[in-house]
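Working notes, beginning with the structure itself.
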Amino acid sequence: DVQLLRRVKKHILEDPRRLDMEQWLDSDVVGDDAPTCGTVGCIAGWIVKLGNPQAVLKRREEYLDFGAEAARILGMAYGNGSPLYGLFFTTRWPARICDEYFNTASQQRRAEIVVEQIDKFIRRWGAG
């Protein structure tokens with residue numbers, strides 16, 4: 001679902017503090033660096049939150065595999081070798097890009113890097 005991936009990009013760029021590639025989704029973030037909504041997440045977390053909010057609500061009652069749920073929402077296979085691994089996991093990004101993401105002090109730049117990765121994914125794989 002390319003439209004959903006574009007919504008995720010827009011959502012992250014609107015407030016880069018919403019992005020944390022080390023968290024699936026955390027809705028209890030507080031502090032000076034926290035986004036107004038109090039929620040941060042990675043690409044897969046935001047796909048689930050924006051694409052199937054009910055799944056996020058249910059996760060308090062049962063385990064939710066965000067990667068698998070995001071894949072289901074996008075209509076793509078998930079598992080070892082899935083192109084989604086290369087999008088969802090920074091360790092699967094090219095080393096230079098991964099290093100830049102973790103070494104930059106700018107949350108805005110981190111958001112831009114993630115958006116670039118989403119754009120590359122859309123160009124190569126589309127979605128669904």
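The values are calculated or read from the model by the stated rules, or taken from the named source; none is laboratory data. All values reported here derive from a predicted model rather than from experimental measurement. Quick reminder, even Gly has a Cβ in these numbers, built from the backbone with ideal geometry, and neighbours come from all protein chains shown. Please note that ligands, DNA and RNA were not included when accessible areas were found on the heavy atoms of the full protein model with its side chains. Shrake-Rupley method; radii C 1.70, N 1.55, O 1.52, S 1.80 Å.
Consider R96 carefully, then state whether it is at negative phi, open to solvent by 80 Å² or more (accessible area, probe 1.4 Å) and either in contact with a Phe, Trp or Tyr (Cβ under 6 Å, 6 or more places away or on another chain) or at pLDDT 95 or above (or both).
yes
From the list F66, F88, which residue is in contact with a Phe, Trp or Tyr (Cβ under 6 Å, 6 or more places away or on another chain) and aromatic (F, W, Y)?
F66
For T36, which of the numbered conditions (1) in a helix (DSSP H, G or I); (2) among the β-branched types (V, I, T); (3) closer than 18 Å to Q23 by Cα fails to hold?
It is condition (1) that T36 fails.
In segment 88-113, which residues are closer than 25 Å to D33 by Cβ, in a helix (DSSP H, G or I), of a type in the set (A, V, I, L, M, F, W, C) and out of contact with any strand residue (DSSP E or B) (no Cβ under 6 Å at 6 or more places or on another chain)?
If the condition is that a residue be closer than 25 Å to D33 by Cβ, in a helix (DSSP H, G or I), of a type in the set (A, V, I, L, M, F, W, C) and out of contact with any strand residue (DSSP E or B) (no Cβ under 6 Å at 6 or more places or on another chain), then F88, I97, C98, F102, I113 are the ones that fit.
Looking only at segment 35-52, decide whether some residue is under 22 Å from W125 (Cα atoms) and open to solvent by 60 Å² or more (accessible area, probe 1.4 Å).
Yes, segment 35-52 contains at least one residue that is under 22 Å from W125 (Cα atoms) and open to solvent by 60 Å² or more (accessible area, probe 1.4 Å).
I'm trying to understand the selection: among the residues of segment 114-128, which are farther than 18 Å from L13 by Cα, assigned to a helix (DSSP H, G or I) and either in contact with a Leu (Cβ under 9 Å, 6 or more places away or on another chain) or open to solvent by less than 80 Å² (accessible area, probe 1.4 Å) (or both)?
Of everything in segment 114-128, just one residue is farther than 18 Å from L13 by Cα, assigned to a helix (DSSP H, G or I) and either in contact with a Leu (Cβ under 9 Å, 6 or more places away or on another chain) or open to solvent by less than 80 Å² (accessible area, probe 1.4 Å) (or both), namely W125.
Can you go through V56, V30 and tell me which one is farther than 25 Å from D99 by Cα, open to solvent by less than 70 Å² (accessible area, probe 1.4 Å) and not acidic (D, E)?
Sole residue among the options that is farther than 25 Å from D99 by Cα, open to solvent by less than 70 Å² (accessible area, probe 1.4 Å) and not acidic (D, E): V56.
Name every residue in segment 16-25 that is charged (D, E, K, R) and surrounded by 15 or more Cβ atoms within 10 Å (Cβ to Cβ), in order of residue number.
R17, R18, D20
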